[in-house]
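Written out below as structure tokens is the structure these notes cover.
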Amino acid sequence: MTTKITMPALGESVHEGTIGKWLKQPGEKIERFEAIVEVITDKVNAEIPAEIEGVLTQILAQEGETVEVGAVIGEMDVVGAAVVATSIGKSETAAKRVIEQQTEAAFNTPVATPLPQPKAASTTPDYSNVTFPSGRAVSYDDEEDSLDFSSSRPAGAVKKTEVVQTAATKELASQSEIRKVNRFSPAVRRLAEEHHLNLDTLQLKGTGLGGRITRDDVLNYIETERKADTQPTISVRVEMPTESRQSQPSFVLPPVPAMHDQIAANALQNPGQLVSPTVPATPSFSEVGLAATAGVAAGDEFVALTPMRRAIAEHMVRSKQTSPHAWTIVEVDMTRLVKYRTKIKEEFKRREGVDLSYLPFVIQATVNALKQFPTVNATWASEGNGIVVKRDINIGVAIDVPDGLIVPVLHHADEKNLVGIARGLNDLITKARTKKLTLPDVQGGTFTVNNPGAFGSVMSYPIINQPQAAIVTMEAIVKRPVVVTDSEGNETIAVRSIMNMCLSFDHRVIDGATGGRFLQSLKKQLENFEALAG
């Protein structure tokens, strides 16, 4: 029994994944729960285990190919069923061989065929004026120039029309087989649609397993076949004076407006000659695309996208197209919290075994603010008929990794104190940078905290991590002179440690007033950190 291997859902809002590496090859036996293939998304690199014990029989999605969730990427046979199928296959093959031998013997057996009798002269048609597309009459032999109905057909001879029909039939059968083999992947179909290509009539030769057409095959076609495309042309006709005009030459040139004056001038000076100014060679499809979209010049380096980079790019574009983004920003006086952390961080590390950064304080304040404003911890319903307010508070934390950015999730953050948050963060960061995150580690996020301040950023506008409704940033803590008001209302200028916090939110779910109140809650908690530290 054949079982299909499909692309699993690797997190919320993830609609596709990229095949990173096949860990098994066709013909290899696979134990149940043994890893078959490595899949890459913008959220996680995951090894997909086998749900059954069996033998991998076919790979349908090649390494580097991006396919949609639920698409078939391979096939395997269940142990036992594979043996039966092999035996059945051998029996069918033997039976077919016997049938073929019997058929061949039947056709090779001489059969006495009576000679055709000529028809009466009065009814014999005249073929002397019959013509065919090739300009000659069809015959049984290439050396004959007319039809001969008075002699028997040579043994083994085949009409040319039959040859043409057979070739056409074979061609149609070949195309049918190509379509049968090429169950085009979503990535291939999407690429073909973008470039207005009909895969059924294109007759591309697939380089994938079993002749399958891959993304590279389509890209190679675009690169090579479209180089022959020529630019549209224009005709320039110059009228000469009547007394000196012998003919009216026409000039066919590429549509380069800057050349029009040159063409006319040369034509007037040389009325009897065709004007042929130097025209640059038509650039290739890839050169045109790079020059138009990326501004690639001589000496520039083109870097192909990694699967993670491509997934991040598509996720960010989808987010901007999905949600109407709005944002607001506040300044937070972190002076007291900076002094407190400096005082206790060594003792904290000795006692708890992990570093204490500012991020756990921000996350704890965020959890408290989400409890006050639950609509910020929400998402827009996919049907567009409501808002889903999340019960759990699961904080996604943006972490930079060598290949890009990943957002693991601190689940049930509202059930943890400052120490629990610090330990959970340390665990997620370590797993992310050693590529040991699992699927649960990147699923279920309801709100995201980003920390660009670690790189010195003082202001940024983050993109929402779909399908969440908001994301907040904590920027670099910078010392600045600010106006400080004491308890008696006296104002003085003092040097304080200031941090900006920016909230991006989905304006379908959250209004500006709610976003502003949410940030004010964060500001008050961080400036009066005692409750957080307790």
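The values are calculated or read from the model by the stated rules, or taken from the named source; none is laboratory data. Bear in mind the structure is a predicted one, so any value in this text is a computation, not a measurement. Positions of Cβ are generated from backbone atoms using ideal geometry, with glycine treated the same way; all protein chains shown enter the neighbour counts. Areas reflect the complete protein model, heavy atoms only, side chains present, ligands, DNA and RNA absent. Shrake-Rupley method; radii C 1.70, N 1.55, O 1.52, S 1.80 Å.
Details
- Surface accessible to a 1.4 Å probe, Leu56 within the full protein complex, Å²: 0 Å²
- Three-way shape label, the stretch 351-422, alpha-carbon gyration tensor, a/c 1.5: oblate
- Ile493, Ile329, Ile222, ranked by accessible area, largest first (probe 1.4 Å): Ile493, Ile329, Ile222
- Inter-label distance, nm, simple model (7 Å from Cα along the C-beta direction), Thr3/Val484: 6.7 nm
- Over all other residues within a Cβ to Cβ distance under 11 Å of Pro324, the charged ones net out to +1, with Lys and Arg as +1 and Asp and Glu as -1.
- The modelled label-to-label distance between Ala513 and Phe33, using points 7 Å beyond Cα along the C-beta direction, is 5.4 nm.
- Backbone HN-Hα couplings from phi across the stretch 52-67 [Karplus 6.51/-1.76/1.60, Hz, Gly and Pro as x]: 9, 8, x, 10, 6, 9, 7, 10, 9, 10, 7, 4, x, 7, 9, 10
- Label-to-label distance for Asp414 and Ala494 is 3.5 nm, based on points extended 7 Å past Cα in the beta-carbon direction.
- Förster-model FRET efficiency, 45 Å R0, Val388 and Ser457, C-beta, rounded to 0.05: 0.90
- Loop-resident sites, the stretch 437-534, for GluC sites (Glu not before Pro), counting at most 13 other Cβ within 10 Å (DSSP): Glu488
- Rounded to 0.05, the FRET efficiency of the Lys205 and Ala326 pair, given R0 = 56 Å and the Cβ-Cβ distance, is 0.65.
- For the set Phe455, Phe529, solvent exposure ranked by accessible area (probe 1.4 Å, protein chains only) runs largest to smallest as Phe455, Phe529.
- Solvent-accessible area of Lys371 with every protein chain in place, 1.4 Å probe, in Å² to the nearest 10: 110 Å²
- Listed residue pairs exceeding 20 Å between alpha carbons, taken from Lys371/Lys523; Lys345/Lys431; Lys343/Lys523; Lys339/Lys524: Lys345/Lys431; Lys343/Lys523
- In plain terms, the chain from Asp403 to Glu47 could stretch by 126.4 nm, reckoned as 0.36 nm per residue minus the Cα-Cα distance.
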